[in-house]
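Enquirer: Handing you a structure now.
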Amino acid sequence: MSLAPAAPPFSLRSTLSIKNAAGQFEALWTSSHLSGQISGKLKATIGERDLSALMNQSSLITIAGGSVNGIVKGYYMGEVSVESGSGTAVMVEVVMDPGALVLEATLKTEEPTLLPMFKSHIAGVLGVALYIN
């Protein structure tokens with residue numbers, strides 16, 4: 001029997017307290033060496049707007065996105081709620097090939113203890129549209 005307190009549930013803030021999130025994203029992305037990966041096959045073809053809407057519904061804001069030669073890329077940022085991570089930034093890069101029904105996501109955070117919970121959260125978000133490997 002463990003008497004350790006249960007970890008608080010993982011949740012993202014509905015808005016970012018980070019000022020100029022788009023400007024901060026690149027600096028945070030390059031300085032955050034801890035990362036995780038999620039990949040899988042899409043259940044159906046989805047577009048850039050669908051992907052952004054899915055991420056935005058999960059309190060991840062769109063930093064940038066676009067499509068070149070049929071490959072869709074999106075960059076998203078969120079902030080962990082104070083209860084579960086003291087406002088730490090979390091970031092996702094999604095690369096999707098809708099024609100081949102393939103999606104890969106790279107996740108980054110500055111706080112090592114948050115990565116497993118964030119990865120689980122994103123797997124749940126993407127699980128709506130993805131058969132995760």
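Enquirer: Would you work out which of Leu54, Pro116, Ala129 lies farthest towards the positive end of the dipole of the range 39-133, given +1 charges on the beta-carbon of Lys and Arg and -1 on that of Asp and Glu, about the Cα centre?
Expert: The Cα lying farthest towards the positive end belongs to Ala129.
Enquirer: Set the Förster distance to 22 Å, then compute FRET efficiency between Glu111 and Gln57 from the Cβ-Cβ distance, nearest 0.05.
Expert: Given R0 = 22 Å and the Cβ-Cβ separation, E is 0.40.
Enquirer: Going through the range 34-133, which trypsin sites (Lys or Arg not before Pro) have at most 15 other Cβ atoms within 10 Å and a DSSP loop state? Intermediate values should be presented prior to the final figure.
Expert: Numbers: sites: Lys41, Lys43, Arg49, Lys73, Lys108, Lys119; in loops: Lys43.
Within the range 34-133, the qualifying trypsin sites (Lys or Arg not before Pro) (loop, at most 15 other Cβ atoms within 10 Å) are Lys43.
Bear in mind that the values in this text are calculations on the coordinates, not laboratory data. Here the structure is a predicted model, which is why all the values come from computation and not from measurement. Don't worry about glycine lacking a Cβ; one is built from the backbone with ideal geometry, like all the others, and counts go over all protein chains shown.
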